[in-house]
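The values are calculated or read from the model by the stated rules, or taken from the named source; none is laboratory data. All values derive from a computational prediction rather than experimental measurement. Here the Cβ positions follow ideal geometry from the backbone for every residue, glycine too, while neighbour counts run over all protein chains shown. Ligands, DNA and RNA are excluded from the accessible area calculation, which covers all protein heavy atoms including side chains. Shrake-Rupley method; radii C 1.70, N 1.55, O 1.52, S 1.80 Å.
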Amino acid sequence: IQAERQEYRRIRRDAERYRRLDLYAKSISAHFTHGPELEVPTLKVKQSSKSYSLLLSPTDFHWGKYATGTYNDGYDRKIAEERLFECTAAVLSRSAERGAPDKIILGIGGDGLHIDNQNKTTTRGTYQDCDGNPTELAHTYVDLCRRYISFVAQFGQVDVYVVPGNHDYYTS
């Protein structure tokens with residue numbers, strides 16, 4: 001009887017987690033029904049004479065992380081986005097010396113988001129300082145990913161893979 005009660009408690013806990021995740025997903029998806037057009041920087045690339053593939057994986061991005069600029073090392077979404085596009089543009093420019101690749105393999109996620117739920121915690125429950133509320137972070141991260149994929153797609157055909165991390169296992 002005790003084992004059955006423990007199993008029932010586990011089932012209830014899992015069901016409640018699923019309900020919370022489902023409600024969270026629905027609240028985020030509401031932001032994408034009539035979203036604005038994407039503003040994507042443009043790239044100019046010559047054709048490649050040799051066949052090659054390019055792997056890009058901006059993991060451990062921690063979108064929504066907040067750090068004060070006390071020691072001139074602040075971090076927020078604006079800084080994160082600038083770094084992402086600047087670093088990617090630099091990598092693509094170096095790759096452009098070989099021409100456009102046949103394929104770009106893009107791994108996104110892997111702690112792309114700094115939190116994993118409405119409580120501003122990681123997957124395992126560690127509280128995080130955030131640059132916004134959870135719903136805002138989730139839908140702006142999806143928007144950032146869309147713009148980022150469109151940016152990279154100017155360079156060549158993109159295959160996207162989502163990799164969950166320890167901060168954002170479910171939201172990835």
(Q) For the condition more than 30 Å from residue 16 (Cα to Cα), of a type outside the set (A, V, I, L, M, F, W, C) and open to solvent by less than 20 Å² (accessible area, probe 1.4 Å), what is the one hit in 64, 107? (A) 107
Q) Which one is farthest from residue 121 (Cα to Cα), of the residues in the stretch 60-109 that are in contact (Cβ under 8 Å) with a residue 40 or more places away in the chain and of a type in the set (Val, Ile, Thr)? A) 104
Q: Could you list all residues from the stretch 131-141 that are free of Cβ contacts under 8 Å to residues at least 40 places away in the same chain and surrounded by 15 or more Cβ atoms within 10 Å (Cβ to Cβ)?
A: 136
Q. If you go through the stretch 142-160 one residue at a time, how many are open to solvent by 30 Å² or more (accessible area, probe 1.4 Å) and assigned to a helix (DSSP H, G or I)?
A. 7
Q | Per-region count, the stretch 1-31, residues over 34 Å from the mean Cα position of the chain (by Cα) and in a helix (DSSP H, G or I) | A | 7
Q) Inside the stretch 1-23, can you point out the residues that are among the acidic types (Asp, Glu) and either at pLDDT below 85 or surrounded by 10 or more Cβ atoms within 10 Å (Cβ to Cβ) (or both)? A) 7, 14, 16, 22
Q) How many of the residues making up the stretch 32-51 are at pLDDT 70 or above and either more than 28 Å from residue 102 (Cα to Cα) or surrounded by 13 or more Cβ atoms within 10 Å (Cβ to Cβ) (or both)? A) 1
Q: Filter the stretch 70-103 down to the residues that are in a loop (DSSP other than H, G, I, E, B) and modelled with pLDDT of 85 or more, then identify the one that is most open to solvent (accessible area, probe 1.4 Å).
A: 102
Q) Just one of the numbered conditions (1) under 28 Å from residue 53 (Cβ atoms); (2) open to solvent by less than 50 Å² (accessible area, probe 1.4 Å); (3) outside any helix (DSSP H, G or I) is not true of residue 116; which one? A) (1)
Q.
Quick check on residue 165: is it open to solvent by less than 40 Å² (accessible area, probe 1.4 Å) and in contact with a Leu (Cβ under 9 Å, 6 or more places away or on another chain)?
A. yes
Q) Would you call residue 171 among the polar types (S, T, N, Q), open to solvent by 20 Å² or more (accessible area, probe 1.4 Å) and under 10 Å from the mean Cα position of the chain (by Cα)? A) yes
Q: Just give me the residues in the stretch 115-166 being touching a Phe, Trp or Tyr at 6+ places or on another chain (Cβ under 6 Å) and over 23 Å from residue 29 (Cα atoms), in sequence order.
A: 129
